[in-house]
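> Sharing a structure here in structure tokens format.
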Amino acid sequence: MRGWMGKFRSLFLFSTLALILSGCGEENLSALKPKGYSAELLLDLMLISIAIMIFVFVIVMAIYVYVLVRYRKKKGQEDIIPKQTEGNKALEVIWTVIPIILLLVLAVPTVQATFDLADQSTQGDEGVLTVEVTGNQYWWHFNYRGEEIATSQELYIPTGERVYLDMKASDVLHSFWLPAIAGKMDTLPGENINTMYLEAYEEGVYWGHCTELCGPSHSLMDFRVIAVSPEKYDQWLEDMKNVDPEAQPETTTAQEGQELFNNNCMSCHAIGGASMGVGPNLTNFGNREKIAGILDPTKENLVDWIVHPDEIKPGNKMPANIVEPEEAEKIADYLLQLEHSSVGVDAPTQTEE
Amino acid sequence: MSTAVAQKRGLAATIWDYLTTVDHKKIALLYLYSGGFFFLIGGLEAMLIRIQLMKPDNNFISAGLYNEMITMHGTTMIFLAAMPLIFALMNAVVPLQIGARDVAFPFLNSLGFWLFFFGGILLNVSWFTGGAPDAGWTNYAPLSTTSPGHGVDYYVMGLQISGAGTLIAGINFLVTIINMRAPGMTYMRMPLFTWSTFVTSALILFAFPALTVGLFLMMFDRMFGSAFFDVALGGNVIIWEHLFWIFGHPEVYILILPLFGAFSDIFSTFSRKRLFGYSAMVFATVLIGFLGFMVWAHHMFTVGMGPIANSIFAVATMAIAVPTGIKIFNWLFTMWGGQIKMTSAMLWSVAFIPSFTIGGMTGVMLAAAAADFQYHDTYFVVGHFHYVIVGGVVFGIFAGLHYWWPKMFGKVLNEKLGKLAFWPFFIGFHLTFFIQHFLGLMGMPRRYWVFLEGQGLETGNLISTIGAFFMAIGTVIFLINIVYTAIKEPKVGGDPWDARTLEWSIPSPPPHYNFVQTPLVRGLDPLWVEKMDGKKGMTPAEPLGDIHMPNGSILPFMMSLGMFIAGFGFIYQVDNSSWLIAVFIGMGITLGSMLTRSLKDDLGHHIHKEELEADIKKGVGK
């Protein structure tokens, strides 16, 4: 009931409609199960428009059914010629004016919501987080402004407050869509920065998609947004700032893996730091929800990915066979033990519902 | 029928006849056959897409090939199937509806067809030369400008050539309707199909140049090193989106308006009533056409235009619902109080009303700019535009074909098979696309090669695929019906439906000069007016005399062939400059043909009074 029309939701068709629609889709993914301010605002707007449209549809269908039943030609009437009506001014006025009124009813909240979602009044204020988002073929980079840290594929945000996203793309158009929390915004190459904000109500791992065709692996450019309480978020920030990229792993295979990683992967990937490389930043990789945004975080999947990335995400820029499979296993051991922060690992994901 | 004549004259003569024809009725058939052919190709691509999306993580076709499929499905269906099928109806019907003997520029009519045809073939050749275009039918930069291979080059050249054909056809119909109307056929007596063709042609005139410009910029970026869309060199990728949609949104109305016209004629004929609110319908058509140019940016709500632009385009878009609503209600009230005869043509038209209303409703929902942040580029949009384009345009083409088939071929399509084709298509259509609205909101973006397991999208996608198979079955039955009708059905007279407009006052199919004597039009629904006065046919507006008709010409074919050859030259000169020879040969053929056309007088021929009198004795005049 936090939406701006929460008070009215019990009226009209809304409660029924909302009930029917909320049966659709998975938690933390579906736009019909909003878990954030924008998504809730947008669902309300959708419900208003659906209600108006159903109202119109029922009227059209009532006339339609009546006409088709009543005026079907019947046997023995073949020679009857119906009255050739020219039209009816009163009717024309009615079905012009009523739709205009209905559209105005829809237009007002539409314009309100459009301006509401474009609001940037608190951006840059003390304590308000802005994340610089960059879309790349086929991964997302998140740079936490003023914090000297960065993540890829998984965006951490505090719940209950606005987080602004300043978005652009490095290569072709992408679009950042987080249905359960907010809508979407395109990311453009060049100087154009698009801004939107997220406000998550609950802790959770939210599923996001790229929604602008960006090449063969467009459908595999998923990301996660992990919303945690502000206290946990501060803890996470602390953890991330204290990452030691040189830290020695415990097992020997992982140590060998670290060596291999430094020799083969560091030109594109980074651990720790805030700059965006050619490939994703791999800090805290051991706690990633998914490998490459789509694979379950098992060692087997990771080895597969390291050796044959092109078979998993066609057209992506990571070269295949950069290392032998045995070497890839060691690198996998190293990466999977990179657990720099345990914040968010217990956040509910949609599969637990 | 023409096949009987063909057998007498031999196949080669028939082919030559069609290559050189400038007769609007034969050009209609050319549009029908090639549009139908491309419709089947586009349908096949759709089936492959649906099979790929039948289950999660499917590997039926590869990611790259999938992007080629969606690009070619969209491009083929819009430019190479829907447009020519609409032109087939316009060519077959509009000159007859206004009492003309041909279009204003018969030579250009032929040129328009051949340009479209060779453009379409060029585009589809890409399948065999290393990959079709893969940047979506919208071809957004920079994915398109950086797409490897020549796929996007084929898109640019193919659409440029066929687009020129469309522009020519549009201008031709504008001039035809302004200048070629029979005496008494005032603007406010024109049948709605003619009216909507008129408005559509105006839309083509203003919308296609935007596409032409966009394609030229794209062509120079890809082939000659310019940087209109290259941000690294100071270009801007959003320019393409604007140019594309300044064309692309009116294009939607270019597709649907003629069929609004067809539905109006069909509802009126099979209710045996004049169209309810004729002047309101005309006004609504013009208004939709006008507003169609004011709303292109609603395709770009998420591109970052800001809340002011978004709000303006949102409200403008909603406004289109008003004239569309006027149309829906006037159709309903045309049937109100009538004698509804449920023929196949009427069945498709009646099915159109709820289908299109749903498409219009989701259109208004999409117009709510903020809510579009959720809908945009998801399956909600896919559901919406298929409801409009299949539920409106394709239903309309089926309805129009059933309705005017006797006028084009002299035989009524078998009614039983017609209805048998309708039901699986209709049911399959709703199965396929209704669920897609929900899939979109549940988190399925558009143009996804695979959807992953565990996102709750499995059932919906399976239902959608099953629906697609039903649609395929309906289409196959329709094709069977065409063959069956050609072989088995008897010939019919000029007016099999007891219809109202001028095209039904002449034989089916009409003689190549259409009207022995130009008819005198005495009101809206001129044939109905005469019938109600107890007359058998139209009153002539002129005495029987010689008729001047244009000669056929191979030049339009040659001009288009030249462009086709030059197209390959432009595409491949990037790899090897010796391909420029193809450009010179192709452009030489085109320009040479144009020169021939300019220098050689072709004054046409006369059909003499004696021949006409002989024809009348055989029954043509009635």
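> Taking the alpha-carbon distance from B:Lys535 and a cut-off under 26 Å, which lysines remain once sequence neighbours fewer than 8 residues away in the same chain are dropped?
Result set, ordered by chain and number: A:Lys73, A:Lys83, B:Lys273, B:Lys341, B:Lys407, B:Lys411, B:Lys491, B:Lys609, B:Lys617, B:Lys618, B:Lys622.
> Let me have the 222 nm mean residue ellipticity of chain B computed from DSSP H runs of 4+ only, each contributing -39500 (n - 2.57), with the sum over all residues rounded to the nearest 500.
-21500 deg cm²/dmol
> So what J values fall out for the range B:289-299 if you push phi through Karplus, 6.51 cos²θ - 1.76 cosθ + 1.60 with θ = phi - 60°, rounded to Hz, Gly and Pro as x?
x, 5, 5, x, 8, 9, 10, 4, 6, 5, 7
> Return the FRET efficiency for the residue pair A:Lys317, B:Val175: r is the Cβ-Cβ distance, R0 is 45 Å, and the value is rounded to the nearest 0.05.
Between A:Lys317 and B:Val175 the formula returns 0.25.
> Label the range A:212-353 by shape, choosing from rounded, prolate and oblate, from the square roots a ≥ b ≥ c of the eigenvalues of the Cα gyration tensor; if a/c is under 1.5 it is rounded, and otherwise prolate applies when a/b is larger than b/c, oblate when it is not.
In terms of gyration-tensor shape, oblate.
> Against the longest alpha carbon principal axis of chain B, how many degrees, from 0 to 90 and to the nearest 10, is the axis of helix B:63-75 turned?
30 degrees
> Got a sec? How would B:Trp336, A:Trp207 order by Cβ neighbour count within 10 Å, fewest to most?
Ranking B:Trp336, A:Trp207 by Cβ neighbours within 10 Å, fewest first, gives B:Trp336, A:Trp207.
> Sequence gap at least 6, Cα distance under 8 Å: using those rules, report the relative contact order of the range A:200-353 to the nearest whole percent.
That works out to 32 percent.
> Can I ask one more? Could you tell me the calculated FRET efficiency between A:Glu250 and A:Asp116, based on Cβ-Cβ distance and R0 = 51 angstrom, to the nearest 0.05?
Given R0 = 51 Å and the Cβ-Cβ separation, E is 0.50.
> Which of the GluC sites (Glu not before Pro) found in the range A:128-207 are in a DSSP loop and have at most 10 neighbouring Cβ atoms, other than their own, within 10 Å?
Hits after loop and neighbour filter: A:Glu191.
> Let me ask something additional. For B:Leu462 and B:Met532, calculate 0.36 nm times their separation in residues minus their Cα-Cα distance, and state this gained length in nm to one decimal.
19.8 nm
> Still on this structure, I have one more. Just to confirm the number: angle between the C-alpha axis of helix B:395-409 and the first principal axis of chain B, 0 to 90 degrees, nearest 10?
30 degrees
> Stokes-Einstein diffusion coefficient for chain A at 25 °C in a medium of 0.890 mPa s, Rh from the Kirkwood formula over Cα pairs: what value in µm²/s?
Approximately 105 µm²/s, per Stokes-Einstein.
> Further, regarding this structure: Zone of B:Asp546 (label point 7 Å along Cα→Cβ, backbone N under 14 Å): which residues in the range B:580-622?
Label zone hits: B:603-612.
> I've got another one for you. Over all alpha-carbon pairs in the protein assembly as shown, figure out the percentage whose distance exceeds 39 Å.
I get 47 percent for the Cα pairs in the protein assembly as shown exceeding 39 Å.
> When only alpha-carbon atoms count, how far does the range B:51-94 stretch along each of its three principal axes, as whole angstroms with the largest first?
Over the range B:51-94, Cα extents along the principal axes are 49, 18, 9 Å.
> Sticking with this structure for a sec: In a shell of Cβ-Cβ distance under 12 Å around B:Asn481, excluding B:Asn481 itself, what net charge do Lys and Arg (+1) and Asp and Glu (-1) give?
Result for the local shell: +2.
> Let me ask something else about it. Taking the Cα atoms of chain B alone, what are Rg (to one decimal) and Dmax (as a whole number) in Å?
Looking at chain B, its Cα Rg and Dmax stand at 24.3, 78 Å.
> Please sort B:178-190, B:211-223, B:400-412 by packing, taking for each peptide the average over its residues of neighbouring beta carbons within 10 angstrom, highest first.
B:400-412, B:211-223, B:178-190
> Sticking with this one: From the phi angles alone, apply the Karplus equation (6.51, -1.76, 1.60; θ = phi - 60°) to the range A:284-298 and give each ³J(HN,Hα) in whole Hz, x where the residue is Gly or Pro.
6, 4, x, 9, 4, 5, 9, 8, 6, x, 9, 8, 5, x, 9
> Continuing with the same structure: Could you give the nm distance between label points at B:Tyr187 and B:Thr129, where each point is 7 Å from its Cα heading toward the beta carbon?
4.5 nm
> While we're on this one: Calculate how steeply helix A:89-117 sits against the longest principal axis of the alpha-carbon atoms of chain A, using the helix alpha-carbon long axis, and give the answer as 0 to 90 degrees to the nearest 10.
Between the helix axis and the principal axis of chain A, the angle is about 20 degrees.
> Within 10 Å of each Cβ in A:72-78, how many Cβ atoms from other chains are there, averaged over the peptide?
The shielding value for this peptide is 3.
> Arrange A:Asp79, B:Asp102, A:Asp310 by Cβ neighbour counts within 10 Å, fewest through most, would you?
Result, fewest neighbours first: A:Asp79, A:Asp310, B:Asp102.
> In addition: To make sure I understand, if each residue's beta carbon is the centre and we count other beta carbons within 10 Å, what order do B:His73, B:His606 fall in, fewest to most?
B:His606, B:His73
> Return the percentage of antiparallel bridges among DSSP beta bridges fully within chain A, rounded to the nearest 5 %.
Given both bridge residues lie in chain A, the antiparallel proportion sits at roughly 70 percent.
> While we're here: Please report, in whole Å, how far the alpha carbons of the range B:8-64 spread along each principal axis, starting with the longest.
For the range B:8-64, the Cα spread along each principal axis is 55, 21, 20 Å.
> Work out, step by step, the length gained on full extension between A:Ser275 and A:Val345: first 0.36 nm times the residue separation, then minus their alpha carbon distance; give nm to one decimal.
Full extension from A:Ser275 to A:Val345 adds 22.8 nm.
> May I pose another question? Over the range A:252-336, what is the relative contact order in percent, taking alpha-carbon pairs closer than 8 angstrom and at least six residues apart?
The normalised contact order for the range A:252-336 reaches 40 percent.
> Computed over the Cα atoms, what is the radius of gyration of the range A:252-336 divided by 2.2 N^0.38 Å, N being its residue count?
My calculation over the Cα atoms of the range A:252-336 gives 0.99.
> On to the next question. Please report, in whole Å³, the volume per residue of the convex hull around the C-alpha atoms of the range B:146-302.
137 Å³
> Could you work out the mean count of beta carbons from other protein chains within 10 Å of each residue's beta carbon in A:204-216?
6
> I would also like to ask the following. Amide H of B:Asp134 versus every other amide H placed in the peptide plane: which residues, excluding those fewer than 5 positions away on the same chain, fall under 5 Å?
Under 5 Å from the amide H of B:Asp134 lie the amide H atoms of B:Val152, each far enough along the sequence or on another chain.
> Could you work out the mean projected area of the convex hull around the alpha carbons of the range A:38-142, in square nanometres to one decimal?
Here the figure is 13.6 nm², rounded to one decimal.
> Grab the beta carbon distance between B:Ala309 and B:Lys617, set R0 = 56 Å, and tell me the FRET efficiency rounded to 0.05.
Efficiency for this residue pair is about 0.25.
> Same structure again: Using a 10 Å cut-off on Cβ atoms, rank the peptides A:175-181, B:66-72, B:419-425 from the highest mean neighbour count down.
The most tightly packed comes first, giving A:175-181, B:66-72, B:419-425.
> Taking the Cα of B:Phe37, stepping 7 Å toward and past its beta carbon, and measuring to each backbone N in the range B:8-30: which are under 11 Å?
Output list for this probe position: B:30.
> Taking the Cα-to-Cβ direction at B:Lys609 and at B:Ala486 and moving 7 Å from each Cα, how far apart do the two end points lie in nm?
Placing both labels 7 Å beyond Cα along the Cβ direction yields 4.1 nm.
> Per residue of A:93-103, count partner chain C-beta atoms within 10 Å of its C-beta, then hand back the mean as an integer.
Going residue by residue through A:93-103 and averaging, the value is 5.
> In the range B:264-279, whose amide N lies under 16 Å from the spot 7 Å out along Cα-to-Cβ of A:Glu86? List them in ranges.
B:274-279
All of the numbers you see were taken from the coordinates with simple rules; none came from a lab. Note that this is a predicted model, so its numbers are computed, not measured. Counting neighbours? That spans all protein chains shown, and the Cβs are built from the backbone with ideal geometry, glycine included.
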